[in-house]
Amino acid sequence: MIYIDVDGVIRDLCFGAWGNVEVTHWDFEVNGKGIVDTIDANPEILVKSPPTEYLECLSGLDHVIFLTAQRPNWIEFTHRWLKMYVPIQWQAIITRGPDDKERRLVDGDILIDDYPGFKSFDRIALLDRPYNRHIDVPLRITDKNGFMEVLRAYA
Ligand SMILES: [Mg+2]
């Protein structure tokens, strides 16, 4: 089974929150506020954030399952965003965070995600971002072709 993360993969929350800044590490802050606090202060950011270039890679699939960590007060906004942008049938599994995501993955599964702190990357296709470039992983996606290859191999 293939699972796809939302934030940092198909939705650009950082752009929605901060505009065009280079987010160089996971705990990045602007004016002393991280991404979570910035969004909690203004959850409409979740709806207004633009898609990334990878959203269009989904259009050839019949169905997609998102595996995404969303705070309880974010869920309805994220559902609104997914309804607005995802052109195919989708299902969203809401998790509490990376540990919860990892627990759901079994042999043969792959999760396309951008998070640099998973315990193991054996079932992760890491989407290349400046904040995860320092880690060495078995599978890194650096462009749309790479994304499509992972979809073809697992979907
Ligand atoms: Mg993410």
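Coordinate-derived values only; no laboratory data. Because the structure is a prediction, the values reported are computed rather than measured. Positions of Cβ are generated from backbone atoms using ideal geometry, with glycine treated the same way; all protein chains shown enter the neighbour counts.
For the stretch 48-155, what's the relative contact order in percent, using C-alpha pairs closer than 8 Å and at least 6 residues apart?
Contact order relative to length: 23 percent.
Using 0.36 nm per residue, how much length does the chain from V30 to N42 gain when fully extended, once their Cα-Cα distance is taken away?
Length gained between V30 and N42: 2.9 nm.
With only Lys, Arg, Asp and Glu charged, each at its Cβ (+1 for the first two, -1 for the last two), find how big the charge dipole of the stretch 59-108 is about the Cα centre; round to the nearest 20 debye.
200 debye
For the residue pair E22 and E56, what label-to-label distance in nm results when each label sits 7 Å from Cα along the Cα-to-beta-carbon direction?
In this crude label model, E22 to E56 measures out at 2.5 nm.
Stretch S120-D99 to full length: gain in nm at 0.36 nm per residue minus the Cα-Cα span?
So the chain would gain 6.5 nm between S120 and D99.
Straight distance only, please: which aspartates and glutamates reach the Cα of K33 with their own Cα at less than 20 Å, same-chain residues fewer than 8 apart left out?
By straight Cα distance, K33 reaches D7, D12, E22, E44.
For the chain, what does the helix formula give at 222 nm: sum of -39500 (n - 2.57) over DSSP H segments with n ≥ 4, over the residue count, nearest 500 deg cm²/dmol?
-8000 deg cm²/dmol
Taking Cα pairs under 8 Å and at least six residues apart, what relative contact order does the stretch 1-100 come out at, in percent?
Relative contact order of the stretch 1-100: 33 percent.
Relative contact order, percent, of the stretch 1-53 when contacts are C-alpha pairs under 8 Å separated by at least 6 residues?
51 percent
Identify all lysines with a Cα-Cα distance to K83 below 18 Å; exclude those on the same chain that are fewer than 8 residues away in sequence.
Of all the lysines, those that pass the test against K83 - Cα under 18 Å, at least 8 places apart if same chain - are K48.
How high is the FRET efficiency from Q89 to N145, r the C-beta distance, R0 30 Å, rounded to 0.05?
With R0 = 30 Å, the Cβ-Cβ based efficiency is 0.80.
Just G97, G108, G32 to compare: in a GNM of the chain, with alpha carbon springs under 10 Å, which one fluctuates most?
G32
Using 1/(1 + (r/R0)^6) with R0 = 35 angstrom and r between the beta carbons of I75 and D136, what's the FRET efficiency to the nearest 0.05?
Plugging the Cβ-Cβ distance into 1/(1 + (r/R0)^6) gives 0.55.
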